[in-house]
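Novice: First the structure, then my questions, so here it is.
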Amino acid sequence: MRLDGPVLIIGAGIGGLTLASALAQRGIECRLFERAPELAPAGAGILVQTGALLALRTLKLDAAVSAKGQDVLMGLLKTERGQTLQRTSMSFLRDELGASTVAIHRARLQEVLRDAGNGAPIALGAELVGYEADASGVTALFADGRRERGALLVGADGLHSAVRRALLGESPLRYAGYTSWRGIAAGSGGVPAHEVTEMWGPGARFGFADIGPNETYWFAVLNAPESERESNPLEVVTRHFAAWAEPVPELLAHTAPERVFRTDIHDRLPVASWSRGRVTLLGDAAHPTTPNLGQGGSMAIEDAVVLAHALERAPALADALAEYERRRVAGTNRIVEASFRFGKLAQLENRLAIFLRNALFRVLPEGMVQKELRRAAQFSLEDGLARA
Ligand SMILES: Cc1cc2nc3c(=O)[nH]c(=O)nc-3n(C[C@H](O)[C@H](O)[C@H](O)COP(=O)(O)OP(=O)(O)OC[C@H]3O[C@@H](n4cnc5c(N)ncnc54)[C@H](O)[C@@H]3O)c2cc1C
């Protein structure tokens with residue numbers, strides 16, 4: 001399809017950068033607009049799920065992401081005392097699909113995505129505040145009065161998306177009942193390479209994964225009222241998790257306080273459609289999810305690749321957006337709800353309920369967990385669309 005103007009992408013996060021790369025590779029003109037004054041290397045770690053890595057493979061970016069992170073070949077679930085509840089080999093994903101799950105520093109992932117979008121201009125300090133759409137195009141309106149005209153506007157502007165608000169109206173955030181801290185510890189803290197571990201205690205979780213030479217990503221989750229803040233997040237996490245088995249205290253002891261981020265966990269109730277006319281959404285703007293299944297950023301990557309593919313292949317814009325939604329809405333909505341439910345199970349506080357849950361996880365066959373991982377890892381661009 002030939003678009004009658006550039007694609008305007010709002011937000012240069014994981015989804016926006018992936019879309020810019022995917023469009024650039026297809027020769028579709030696009031422009032990125034990012035509210036932040038610079039693309040600073042921020043954030044902690046992230047798991048790029050196998051499905052997202054397969055999506056990145058269609059852009060020939062999977063090898064670069066794998067090279068800058070660590071393949072995850074084993075998943076472990078333990079109690080806060082360090083007793084193993086479940087052990088799942090994940091190397092079958094690499095053997096069957098030729099792609100693993102990768103644990104990587106977020107800044108390094110963004111670096112790969114940004115470098116791949118070569119040529120796509122990024123306007124920094126550009127905060128979208130609204131848009132005007134008509135039959136011949138769409139105009140993005142920015143806080144500094146700037147206006148940009150394009151053929152399609154894509155809101156890749158995250159959880160608090162301004163594009164979504166203008167497109168779908170106000171919809172409340174759903175607070176999950178727990179907050180999170182993320183950090184990077186220097187050294188391995190004794191964490192074996194190629195493993196991701198989550199430890200579960202009453203109303204609390206702690207997870208960690210090796211993300212490459214001398215760095216271990218960790219996250220901590222705690223039931224808490226919304227919007228609490230502290231001046232020294234590391235001190236607060238260290239206090240809450242002081243009695244947990246190693247390597248928790250070790251990792252926290254080797255973390256620099258300025259490398260700890262606190263985020264309350266929210267999502268929104270899923271919607272059946274997120275496109276109207278010349279405007280659509282992707283990633284957290286479309287289907288914000290709790291991080292319990294580690295899928296939010298990975299879904300943003302998959303959305304971006306599917307959207308670019310549909311824009312290339314469909315005969316008209318309306319067909320492309322219909323195809324994009326047909327392929328992405330139901331699956332992402334399922335993950336949002338499954339992740340919310342999984343979070344409730346993981347954050348239980350009642351001792352009896354915890355005892356029963358843990359007993360169940362101890363006897364859950366590895367094959368059942370692998371079946372779920374295999375299902376979540378499917379990604380393909382095969383479709384019925386003829387190239388226009
Ligand atoms: C504790 C935690 C752990 C997580 N772990 C994982 C994991 O292991 N694996 C995984 O796949 N996902 C994980 N996620 C989810 C993941 O971080 C998000 O789903 C992902 O970042 C969403 O990408 P995105 O591109 O949609 O939005 P974002 O990455 O949020 O990017 C949005 C961009 O838009 C910009 N922006 C916002 N508003 C405007 C505006 N008005 N105008 C212009 N620009 C704007 C922002 O500055 C930002 O750069 C985790 C999340 C949390 C909280």
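Novice: Which of the GluC sites (Glu not before Pro) found in the stretch 309-386 are in a DSSP loop and have at most 14 neighbouring Cβ atoms, other than their own, within 10 Å? Provide the component values of the computation, followed by the final result.
Specialist: Working: sites: Glu312, Glu323, Glu325, Glu337, Glu349, Glu366, Glu372, Glu382; in loops: Glu349, Glu382.
Sites meeting the loop and neighbour criteria: Glu349, Glu382.
Novice: Could you please state how large a percent of the accessible area of the chain is carbon and sulfur, counting protein chains only and using a 1.4 Å probe?
Specialist: Working: 8760 of 16500 Å².
Using a 1.4 Å probe with all protein chains present, the chain comes out at 53 percent carbon and sulfur.
Novice: If you average the C-alpha positions of the stretch 346-374 and of the stretch 1-64 separately, how far apart do those two centres end up, in angstrom?
Specialist: Cα centres, the stretch 346-374 to the stretch 1-64: 35 Å.
Novice: I need the fraction of alpha carbon pairs in the stretch 57-186 separated by more than 25 Å, rounded to a whole percent.
Specialist: More than 25 Å apart: 55 percent of the Cα pairs in the stretch 57-186.
Novice: Quick one, could you list the DSSP H helices from the chain stretching 18 Å or more along their long axis (Cα atoms) with average Kyte-Doolittle hydropathy of 0.5 or above?
Specialist: Working: long enough: 296-313 (26 Å, 0.54); 317-346 (42 Å, -0.23); 351-363 (19 Å, 0.95).
Flagged H segments are 296-313, 351-363.
Novice: Can you compute the charge dipole magnitude of the chain about its Cα centre, using +1 on each Lys and Arg Cβ and -1 on each Asp and Glu Cβ, nothing else charged? Give it in debye, rounded to the nearest 20.
Specialist: Values: 43 positive and 44 negative charges, 127 e Å.
For this selection, approximately 600 debye.
Novice: Still on this structure, please answer the following. Could you give the size of the charge dipole of the stretch 292-388 about its Cα centre, using +1 on the Cβ of each K and R and -1 on the Cβ of each D and E, expressed in debye and rounded to the nearest 20? Please report the intermediate quantities before stating the final value.
Specialist: Numbers: 14 positive and 12 negative charges, 110 e Å.
With Lys and Arg at +1 and Asp and Glu at -1, about 540 debye.
Novice: Expected output is a single nm value to one decimal: the length gained when fully extending between Phe361 and Ala318, i.e. 0.36 nm times separation in residues minus the C-alpha distance. What is it?
Specialist: Numbers: separation 43, 0.36 × 43 = 15.48 nm, distance 4.56 nm.
Additional length available on full extension: 10.9 nm.
Novice: On average, how much accessible surface per residue is there in the chain, in Å², for a 1.4 Å probe, leaving out ligands, DNA and RNA? If you can, show how the numbers build up before the last one.
Specialist: Working: 16500 Å² over 388 residues.
Result: 43 Å² per residue.
Novice: Contact order normalised by length for the stretch 1-127, with contacts defined as Cα pairs under 8 Å and 6 or more residues apart; what percent is it? Could the numbers behind the result be given before it?
Specialist: Values: 208 pairs, mean separation 49.4, N = 127.
After rounding, I find 39 percent.
Novice: Can you give the log10 of the normalised intensity I(q)/I(0) at q = 0.12, 0.26 Å⁻¹, computed with Debye over equal Cα scatterers of the stretch 118-176?
Specialist: Taken in order of the listed q values, log10 I(q)/I(0) reads -0.34, -1.22.
Novice: Another question, if that's okay. Would you list, by chain and number, the lysines whose Cα falls below 24 Å from the Cα of Lys371, excluding same-chain residues fewer than 8 positions away?
Specialist: Lys78, Lys344
Novice: Here's something else I'd like to know. Output the relative contact order of the stretch 83-150, whole-number percent, from Cα pairs under 8 angstrom with separation of 6+ residues. Please report the intermediate quantities before stating the final value.
Specialist: Values: 44 pairs, mean separation 10.6, N = 68.
Relative contact order, the stretch 83-150: 16 percent.
Novice: In whole Å, what is the distance between the alpha-carbon centres of the stretch 71-141 and the stretch 299-332?
Specialist: One Cα centre to the other: 18 Å.
Novice: When the distances between all Cα atoms of the chain are binned every 10 Å from zero, what whole-number percent does each bin get?
Specialist: Cα pair-distance distribution for the chain, in percent: 5, 23, 33, 25, 11, 3, 0.
Novice: Compute the orientation-averaged projected area for the stretch 251-388 from the convex hull of its Cα atoms and round it to one decimal in nm².
Specialist: Here the figure is 12.0 nm², rounded to one decimal.
The values are calculated or read from the model by the stated rules, or taken from the named source; none is laboratory data. In this text, all values refer to a predicted model and were calculated from it rather than measured experimentally. Methodologically, a virtual Cβ is constructed for each residue, glycine included, from the backbone with ideal geometry; neighbour enumeration extends over all protein chains shown. In case anyone asks, the SASA skips ligands and DNA or RNA and just uses the protein heavy atoms, side chains included. Shrake-Rupley method; radii C 1.70, N 1.55, O 1.52, S 1.80 Å.
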